[in-house]
Amino acid sequence: MTDSHRYAMLLSALPAHGALFTARQTPLSRIRLEQRLTQLDAEDAHTLRTLRTLIEWAEQDPRSSDQAVLERARRLIPTLPDPFARDLADWRLEMRTLICALRRRHRGEPPPSERRWGYGRWTEQVRRHWNEPAFRLERACPWLPEAARRLDQGDAIGVERLLLRTVWEHLERLHDGHHFDFAAVIIYALRWDLVARWTSYHHERALARFDDLVETALDRVELTPEAAA
């Protein structure tokens, strides 16, 4: 069986993604997705695993420093044999570098002094135009001005929604011309990761809301005369 035939069968068996922000759960479980992905050949499976490890927050070790993450990316991305995967990794890590710069500036920090402080094409541009709202990258990164504005407003949820939407729409654009090949598998898996990330936030907010309601109820019980008696 050829790779194209194998991947056509794989993708045909995967349920379609719906809209990102209306999702309440992923289209299939993580276990079921990983079972489907065992149909990848060894090289493609390794490429996808490496890519997801590099760019998905759920795969990051919170104990790693920014510098360690950057050095790992610089070491691993050139080893990816698939050019589509390399380009996508570059794009996501450049995006993360720009968000890092916005947050550093929002905290009142000066331009980075480290020579290799971030990843990709824009590090020197950011350093030169540190005090410009979007580092003069509005045309190259149309999402950046809104991200800067929301961050300055303290709208953390708005920033997160913007970033998720930007990545989702980028993957949708890339999907044109890729329907039954390895690139289509990459796009599906990364969109699955975005849905998993968004629905986990929804679940966490629901739990926080439940905790608030419980705390409020307990406060009310403590204030009633019957409870005081």
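The values are calculated or read from the model by the stated rules, or taken from the named source; none is laboratory data. Since we're looking at a predicted model, the values are computed, not measured. Neighbour counts run over all protein chains shown; Cβ positions are idealised from the backbone, glycine included. When the accessible area is computed, the model is the full protein with side chains, heavy atoms only, and any ligands, DNA or RNA have been set aside. Shrake-Rupley method; radii C 1.70, N 1.55, O 1.52, S 1.80 Å.
Summary of values
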item: Computed FRET value (nearest 0.05) for E132 with T50, which takes r as the C-beta separation and R₀ as 25 Å; result: 0.10
item: Sequence of E43, E160 from largest to smallest accessible area, 1.4 Å probe; result: E43, E160
item: Net lengthening on full extension, Q67/S12 (0.36 nm per residue, minus Cα-Cα); result: 15.8 nm
item: Alpha carbon centroid spacing (whole Å) that separates the range 152-202 from the range 1-43; result: 15 Å
item: Potential extension, E160-E43 segment - 0.36 nm per residue separation minus Cα distance; result: 38.9 nm
item: Net charge of neighbours whose Cβ lies under 12 Å from the Cβ of E172, counting Lys and Arg as +1 and Asp and Glu as -1; result: +1
item: Accessible area, probe 1.4 Å, largest first, for residues F84, F180; result: F180, F84
item: Calculated FRET efficiency for the pair A19/T79, C-beta based, R₀ 41 Å, to 0.05; result: 0.70
item: Largest-first ordering by accessible area, 1.4 Å probe, given options R121, R104; result: R121, R104
